[in-house]
Amino acid sequence: MHPIERLRYVARAGSAEQRELVSEAATALGGLGDDGPGLVLSCKRLVERQPTSGPMWWLCARLLRAADPRGEAWRCVGEIDGDPTA
């Protein structure tokens, strides 16, 4: 599935489990690779559509400051999957 299609799914998701949404978003955002402007715009849209999702804000903040967003996305997936409170 194309990263943009994944992001549309995540943005439209209602009350889905946060762990699943963040994992899907991380996979999609990581798929954008080195497209900095695309990453910024995608993160902006995600937090606009999921404003109460703390894990989504956490993910976007980590990816936007990362030198390697793709690698950081995978690290975030590992952390969120291993966090019993997420």
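The values are calculated or read from the model by the stated rules, or taken from the named source; none is laboratory data. Because the structure is a prediction, the values reported are computed rather than measured. All Cβ positions, even for glycine, are placed from backbone atoms using ideal geometry, and neighbour counts span all protein chains on display.
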Sole residue being part of a helix (DSSP H, G or I), within 22 Å of D81 (Cβ to Cβ) and modelled with pLDDT of 90 or more, chosen from L64, L41: L64
Which numbered condition in (1) of a type outside the set (G, A, S); (2) closer than 15 Å to R6 by Cα; (3) loosely packed, with under 12 Cβ neighbours inside 10 Å is the only one that Q50 fails? (3)
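Name the residues in the stretch 24-38 that are out of contact with any helix residue (DSSP H, G or I) (no Cβ under 7 Å at 6 or more places or on another chain) and part of a loop (DSSP other than H, G, I, E, B), would you?
D34, D35
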Under 6 Å between Cβ atoms, which residue pairs at least 6 apart in sequence (or on different chains) link something in the stretch 65-86 that is in contact (Cβ under 8 Å) with a residue 60 or more places away in the chain with a partner that is among the charged types (D, E, K, R) and assigned to a helix (DSSP H, G or I)? I80/R19; A86/R19
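Going by the structure shown, is A86 modelled with pLDDT of 90 or more, outside any helix (DSSP H, G or I) and either of a type in the set (A, V, I, L, M) or closer than 17 Å to E5 by Cβ (or both)?
On the way: modelled with pLDDT of 90 or more: no; outside any helix (DSSP H, G or I): yes; either of a type in the set (A, V, I, L, M) or closer than 17 Å to E5 by Cβ (or both): yes.
Answer is no for this residue.
Just wondering, is there one or more residues in the stretch 28-38 that are hydrophobic (A, V, I, L, M, F, W, C), under 9 Å from the mean Cα position of the chain (by Cα) and at pLDDT below 85? Full working, then the answer.
Quick first cut of the stretch 28-38, residues hydrophobic (A, V, I, L, M, F, W, C) only: 28-29, 32.
Those still in the list that are under 9 Å from the mean Cα position of the chain (by Cα) too: 28-29.
If we keep only those that are at pLDDT below 85 too, we end up with none.
Scanning the stretch 28-38, I find no residue that is hydrophobic (A, V, I, L, M, F, W, C), under 9 Å from the mean Cα position of the chain (by Cα) and at pLDDT below 85, so the answer is no.
Return yes when L59 is surrounded by 17 or more Cβ atoms within 10 Å (Cβ to Cβ) and either assigned to a helix (DSSP H, G or I) or not aliphatic (A, V, I, L, M) (or both) and no when it is not. First the steps, then the outcome.
Working: surrounded by 17 or more Cβ atoms within 10 Å (Cβ to Cβ): yes; either assigned to a helix (DSSP H, G or I) or not aliphatic (A, V, I, L, M) (or both): yes.
Yes; evaluated as a whole, the condition is true for this residue.
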Given the residues L46, L21, which is the only one that is under 25 Å from T85 (Cβ atoms), modelled with pLDDT of 80 or more and either outside any helix (DSSP H, G or I) or touching a Pro at 6+ places or on another chain (Cβ under 8 Å) (or both)? L21
